[in-house]
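The values are calculated or read from the model by the stated rules, or taken from the named source; none is laboratory data. Here the structure is a predicted model, which means the values were calculated and not measured. FYI the Cβ positions are ideal-geometry reconstructions off the backbone, even for glycines, and counts take in every protein chain you see. SASA here: full protein model, heavy atoms, side chains in, ligands and nucleic acids out. Shrake-Rupley method; radii C 1.70, N 1.55, O 1.52, S 1.80 Å.
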Amino acid sequence: MTIVRLDRSFTRWDELLTLILAAFASMDGRIDPPSSALKLTTRLLAEKAEAEIGHVVIEDEKLIGCLFLRPEADCLYVGKLAVLPEAQGKGLGKRLLATAEQTAAALGLAALRLETRIELTENHAVFAAWGFSRTAEKAHPGFARTTFIEMRKMLAPRTPIV
């Protein structure tokens, strides 16, 4: 299993889109509004990879996981963390978040930030177990109720190498 940063040589957009849709399929009918993953296209994924820092996990030549990272003023935003259903429960999500932590450290950012839907309480528990804390409850435009929560993980300060 290898985690690879997306670059201009990546061409497997159809497979990446299929991976994300499969990983997010369990949310269909559970969350409102529907996941933004449903609006993705191969072109939009390629644009996302240009604007953000994307990584994929490859095992036996198959894409089995991904995440996209976006530097913000005080943290690194973690988005589209996705693992194929058949590969879940094996520590891959945690390995992808370790990649996010390494990226944040390299960029001098002291925290990771993510958003998860209010209905997905099992995700809240997993992220909490991985060191994330709930920091805000928010609503998508047009919704009067909370639709997602924000979670952050503060990263240990790096000691400079002398």
Original post:
How large is log10 I(q)/I(0) at q = 0.20, 0.21, 0.27 Å⁻¹ when the Debye formula is applied to the Cα atoms of the stretch 22-97, each weighted equally and without solvent?
Top reply: -1.02, -1.11, -1.37
Original post:
Of the chain, which part is the longest with no GluC sites (Glu not before Pro) in a loop (DSSP not H, G, I, E, B) and with at most 15 other C-beta atoms within 10 angstrom?
Top reply: 1-60
**OP:** May I ask you to derive the FRET efficiency for SER133 and ASP7 from their Cβ-Cβ distance with R0 = 30 Å, giving the value to the nearest 0.05?
**Re:** 0.35
Subject >> Debye intensity ratio in log₁₀ form over the Cα atoms of the chain, taken at each q of 0.09, 0.20 Å⁻¹ >> reply: -0.30, -1.50
Subject >> Length added when fully stretched, MET27-ARG70, from 0.36 nm per residue minus Cα-Cα >> reply: 13.2 nm
**OP:** Could you work out how far apart the two model spin labels at ARG95 and LEU44 are, taking each label as a point 7 Å from the Cα in the direction of the beta carbon, and quote it in nm?
**Re:** 2.9
Subject >> Accessible carbon and sulfur surface of the chain relative to its total accessible area, %, 1.4 Å >> reply: 54
**OP:** Using a 1.4 angstrom probe, figure out how much accessible area the stretch 85-155 has per residue, in square angstrom, rounded to the nearest whole.
**Re:** 52
**OP:** Just tell me which lysines come within less than 24 Å, Cα to Cα, of LYS62; anything on the same chain fewer than 8 places away is out.
**Re:** LYS39, LYS48, LYS80, LYS90, LYS94
Subject >> Filtered trypsin sites (Lys or Arg not before Pro), the stretch 1-76: DSSP coil and at most 12 other beta carbons within 10 Å >> reply: ARG8, ARG30
**OP:** Using DSSP to define loop residues, name the chymotrypsin sites (Phe, Trp or Tyr not before Pro) in the stretch 78-162 whose beta-carbon has at most 16 other beta-carbon atoms within 10 Å.
**Re:** TRP130, PHE143
